[in-house]
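Inspection log for the structure reproduced underneath, given as structure tokens.
FYI, it's all coordinate maths here, none of it is from the lab. Keep in mind the model is a prediction, meaning the values are calculated, not measured. All Cβ positions, glycine included, derive from the backbone under ideal geometry; neighbour counts span all protein chains shown.
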Amino acid sequence: MAIELGLYTLGIVALAISVILLACLDYQPLREYVYKWIVMRPIPGKGGAFPIIGNALQFKVNAGEFFNQMIEGTNEFRHLPLAKVWVGPVPFLILYHAENIEVILSTSRHNDKSFSYKFLEPWLGTGLLTSTGEKWRGRRKMLTPTFHFSILSDFLEVMNEQAEVLLEKLKNHAGGEAFDCFSLITLCALDIICETAMGRNIYAQSNSDSEYVRSVYKMSDIITRRQRMPWFWPDWIYNLLGEGKEHQKRLRILHSFTESVIKERAERMAGVDSDSESDHGKKKRRAFLDMLLKSTDDEGNYLSHEDIREEVDTFMFEGHDTTAASMNWALYLIGSHPDVQKKLQQELQEVFGLSDRHVTTEDMKKLRYLECVIKETLRIFPSVPLFARSIGEDCQMNGFKVPKGVNAVIIPYALHRDPRYFPDPEEFRPERFLPENSVGRHPYAYIPFSAGPRNCIGQRFAMMEEKVILATVLRHFSVEALQGRQEVQPLGELILRPEKGIWIKLVSHVTISSLSLNAANVNVFRRLRREPRREHTVQKTSFPHR
């Protein structure tokens, strides 16, 4: 503890020295800092902020404790329209009310991401997530067509195939002891995003110890740690530390893998039309990478390989952890609420019967209650618990002046618990998202994928993947969650994860593939094949007794 406190103090001192040196070299940063300090004084906030170091000495070092501290703060200030906190010399506006969040997200004037996103740039460059201004607008315009539903439906085959691999892994646990499902679901999501983004199956579910897989997870942890520790912000300090050196090592692994895939795919496309048939007579699968290699801007210019790497790495970063976390939280909540699970099983039985066929686009339209379950899961446990924007111009918010350049931190985890829009907010009620129950709700009261011009471009992809995986799992198993709400303890890092995993038990269901075709059931099998709808609706599903 003494060592940790010593490093903490040294870090704060180093940060203060950096700010003072910068101020000596350039008067402008110091003038802006003093101006913001004076203008923002009327805004309520956490006490004990000192010049230059702000509230930094009050922050918990442990990630779980830091997240709890943040949520306790939003609960404390719930009755206030907004609050502020100083992280070192940088002011952050804390937003958790829909009316104030609308001011920021509804306009392109505050489109730019907060400075804290710059710590993602060594990995992601200035792709869709981190770019600003004209570059962001151009990239968004160029990439939006690649997320059209007609193109996303091509990825269903990959999702279904990887769901089958997951199913085999889960069968090893059915009827046995409790197990932590978090890593299994996450590796499945990683396989899906790798194959859909890059056209490369990395077999993460079979080889979770690969250098690339380890680097993806390690890099996310490194970035999260640096974002919340101001003394790691100056590059000249960070690059001297062991963590900075580890950061560089993981970057080399991640970039070299992506670059090799881009080069290989580009060479293949140069020789063969990517939409032609493969050697096996099947139409070749498209990947986001293929579309990026063909994309052009308004002047007809193709993206460079570096530009493409930025977007592919961004897809990888944003496209697996978020959906994996949501699916894990969904299984936890479903397994904790037998009544919800029963309704889900009834819906799945109506759509699929005892068949274990792949999920289709038509099926997904019918899985309305499952969609409500996913949405309610994202309300209680939003995959991205907070995100930030830079205030693009001076503005008024609830009578307070907010100067240009201030960082606004939007906290969906707190926003989604506003009792004005979600009575009894800690209760899991998927019916909240039935159309008739959503009428009149503030459009910015629920933002798991952000909102406005800079909302998440991949939200359709995420919803499709979650429906496929959850439908596949729940058609084969009943789930029983073994932890109470306090035991799962959300960890608010880049992604909202459970600190101690998601521990569940599984009970297998009967499907056509699990029927042993002996004389006793062969006639049942034939009837199911001949008259699926009528037979399916009379089947009963057993649920674990609690």
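Here is how the numbers come out for the structure above:
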quantity	calculated
Per-q log10 I(q)/I(0), region 94-227, q = 0.10, 0.20, 0.22 Å⁻¹ (Debye; single scatterer per alpha-carbon; no solvent)	-0.52, -1.23, -1.27
Pair Q346, E431: separation of 7 Å Cα→Cβ label points (nm)	1.1 nm
5 angstrom amide H check on F477, placed H, neighbours 5+ away	H509
Kirkwood hydrodynamic radius of region 225-268, from inverse mean 1/r over distinct Cα pairs, in Å	12.2 Å
3J(HN,Hα) from dihedral phi, region 309-314, Karplus parametrisation 6.51/-1.76/1.60, rounded to Hz, x for glycine, proline	4, 4, 6, 5, 4, 5
Estimated inter-spin distance, K366 and E306, nm [label 7 Å along Cα→Cβ]	5.1 nm
Convex hull projection area averaged over all views, region 283-379, Cα basis, nm²	9.3 nm²
Amide H within-cut-off set for A388, under 5 Å, with H built and near neighbours excluded	S114, I410
Added length on full extension, which subtracts the Cα-Cα distance from 0.36 nm per residue, E76 to Q486	145.6 nm
Separation between Cα centres of region 88-134 and region 137-204, rounded to whole Å	28 Å
Whole-number D in µm² s⁻¹ for region 214-359, Kirkwood Cα-pair radius fed into Stokes-Einstein, 4 °C, 1.567 mPa s	66 µm²/s
Shape box of the chain [Cα atoms, principal axes, largest first, Å]	88, 59, 48
Quotient of Cα Rg and 2.2 N^0.38 Å for region 446-487, N being how many residues it contains	1.64
Which listed pairs, of K113/K467; K84/K113; K141/K404; K343/K366; K135/K294; K135/K375, have C-alpha distances above 23 Å, in listed order	K113/K467; K141/K404; K135/K375
Long-range amide H partners of L491 with built H, under 5 Å	R497, E499
Estimated FRET transfer efficiency when R0 is 45 angstrom, pair R31-E299 (beta carbons, to 0.05)	0.70
A266 versus R41: modelled label distance in nm, points set 7 Å from Cα along the beta carbon direction	5.6 nm
Fewest-first sequence of D154, D235 by Cβ atoms within 10 Å of each Cβ	D235, D154
Loop-resident sites, region 400-472, for GluC sites (Glu not before Pro), counting at most 13 other Cβ within 10 Å (DSSP)	E426, E427
